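Report on the structure given below.
Here, each number is a calculation from the coordinates, and none is a lab measurement. Remember, it's a predicted structure, so these values are computed and weren't measured experimentally. Reconstructed Cβ throughout: ideal geometry from the backbone, glycine too, with neighbour counts over all protein chains shown.
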Amino acid sequence: MSCLLEVQNATKLFGGLPAVNNVSLQVQEHEILGMIGPNGAGKTTLFNLIAGYHSLSSGEIIFDGGNISNLVPAKICKLGIARTFQVVKPFGDMTVIENAMIGSFCRHKQAGEACKKALQVLEFIGLSHLRDTPAKSLTIADRKRLEFARALATEPKILMLDEVMAGLRPSEVDETLVLIRKVRDSGITIILVEHIMRAIMSICERLIVLDHGELIAQGAPTEIARDPVVIEAYLGKEASHV
C-alpha cells in the first residue's frame, strides 16, 4: 500500500490552547485506520483540520501528493476527502434521494446524473427502498446510513467516519461494520473515529490514539490494547484482555 494522506506536525490552537498539538501520521491507501481517545482528545478537531473546517495553526497536510493545508472544505471534498459528522442532521423535509443528491452534485452538475449516482449509492448502502421517504421520518440508524450515503455520493478516495455507530443497537453496529468493510473493499480508504471498542478493534488494521491533543500511540489493535500508556489514558485495564 502507498501513503495517501500525511499529516505533518499539525497543530491547532484555540485561544492559545492546543486542541491538536504537533500530530504527525500517515494513512495508507485502502486501509481502515481507527482513531481513538477520550472525549476532548482532539479527534474531531483533527478531522476538521483534514477536511478544511478548521485552519491549521502550524503544520501541513498532504493528500494524494498535493498540499491541502487550509483549503476550504468544498475544494478538499472535490479532491476526494469526505466526512460524516457526530450529530446527524439530514435535510428533514427533503427525501432520502434528494439528501443523497446533495453529495453527488459534487461530481455531477446535471440533476439527472446526480440522481442516478445518488440512487446507486442508496442501493449500495441499503436505503433505496426509502428513496422517496422524507429524511425526518427515518430511524436513527437509517439517518446515520443516509449521512454515510451523502458522503459516499461525493465519490471520495478517503471517507472519514465520525462515530457512525454511536447510539446504535448491537445488531445495527454489526450491520455498519459489514457496510464499512464493503466500502473499503470497493477501493475507498477509511478513517474511523469510534468509542465502541468491540467494533473498532475488530475492523481496523491500525489504530492511532490521541490524548489531550497529542498522538500517544499507534499500531495494530492488539498492540494498542496492551499499551500501558493507552490503558492509563483511555482503555482501562479490561481492554488488555482484548
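Each of PHE91, ASN70, MET165 was placed along the dipole of the chain (beta-carbon charges, centred on the mean Cα), and the one lying farthest toward the positive end is PHE91. Count Lys and Arg as plus one, Asp and Glu as minus one, and take only other residues whose Cβ is under 13 Å from that of GLN110; the net charge is then +3. For LEU192, the residues whose modelled amide H falls within less than 5 Å of its own, excluding neighbours fewer than 5 places apart on the same chain, are LEU33, GLY34, MET35, LEU161. Size estimate for the range 38-171 follows the Kirkwood approach: the inverse of mean 1/r over distinct Cα pairs works out to 15.5 Å. Net charge of the neighbourhood of GLU194, taken over other residues with C-beta under 13 Å away and scored Lys/Arg +1, Asp/Glu -1, is +1. The alpha carbon centroids of the range 38-60 and the range 165-203 are separated by 22 Å.
Computed from the C-beta positions of THR11 and ALA220, the FRET efficiency with R₀ = 35 Å rounds to 0.80.
For LEU4, nonlocal amide neighbours, meaning residues 5 or more places apart or on other chains whose placed amide H falls under 5 Å from its own, are VAL27, GLN28, GLU29. Mean separation of Cα pairs under 8 Å and 6 or more residues apart, divided by the residue count, gives the range 17-79 a relative contact order of 24 percent. For the chain, the relative contact order works out to 25 percent when only alpha carbon pairs closer than 8 Å and six or more residues apart are counted.
In order along the range 104-115, the Karplus-derived 3J(HN,Hα) couplings, from 6.51 cos²θ - 1.76 cosθ + 1.60 at θ = phi - 60°, round to 6, 5, 4, 10, 10, 7, 7, 4, x, 5, 5, 5 Hz, and Gly and Pro are given as x.
Sequence-distant contacts, meaning Cα pairs under 8 Å at least 6 residues apart, place the relative contact order of the range 88-155 at 50 percent. When the alpha carbon gyration tensor of the chain is reduced to an equivalent ellipsoid, its three semi-axes come out at 29, 22, 16 angstrom, largest first.
The lysine pair count for the chain, using Cα distances under 17 Å and pairs eight or more places apart or on different chains, is 13. Once backbone amide H atoms are built at 1.01 Å from N, SER58 has THR11 as its partners under 5 Å, excluding neighbours fewer than 5 places away on the same chain. Within the range 88-155, the proportion of C-alpha pairs whose separation exceeds 20 Å stands at 13%. A simple spin-label model places the labels of VAL229 and GLU29 3.1 nm from each other, with each point 7 Å out along Cα-to-Cβ.
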